[in-house]
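The next block holds one structure in the form of structure tokens; read it before the comments.
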Amino acid sequence: MQIFGITSQPAEIQQNLLIPSDIAKRTGLKNARPVNVKLIELGLQTKHRDHKNRIYYQLTEKGHKYGQYQDFNTGKTTRRNIRWYENILELFQSILSSAPTPLLQLF
């Protein structure tokens, strides 16, 4: 990508793309951590560590319905991140509205 002067790629589905902290803000959660935990519990992504022990996530087959990979050029390297379609908000809101209040306070 960098060779051609491209710093990002367009979305496959034309919806706003969200990162976990955006999802947290829009659903009333404190930060991205509980969002990532819930995405794993829902079977939408898996958590891994690279050779430098940094966390990264991968979409599952089910997760491709709600998100996509997007590559970003950081100047030195290209990073691959998951961006979530706005329809993930509906899923989160239905889960959070059915959860007991003490559970919500944990997040």
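Worth pointing out:
- Output for region 59-81, where each listed residue is in contact with a Ser or Thr (Cβ under 9 Å, 6 or more places away or on another chain) and within 24 Å of Leu96 (Cβ to Cβ): Leu59, Thr60, Gly63
- Of the strands (runs of 3 or more DSSP E) that lie entirely inside region 25-103, those containing 2 or more residues that are without any contact (Cβ under 8 Å) to a residue 60 or more places away in the chain and exposed (fewer than 13 other Cβ atoms within 10 Å of the Cβ) span 45-49, 55-59, 78-85.
- Residues that are at pLDDT 90 or above and in contact with a strand residue (DSSP E or B) (Cβ under 6 Å, 6 or more places away or on another chain) within region 1-34 comprise Leu17, Leu18, listed in sequence order.
The values are calculated or read from the model by the stated rules, or taken from the named source; none is laboratory data. Just so it is clear, the model here is predicted, and its values are computed rather than measured. Cβ atoms come from the backbone with ideal geometry, glycine included; neighbour counts cover every protein chain shown.
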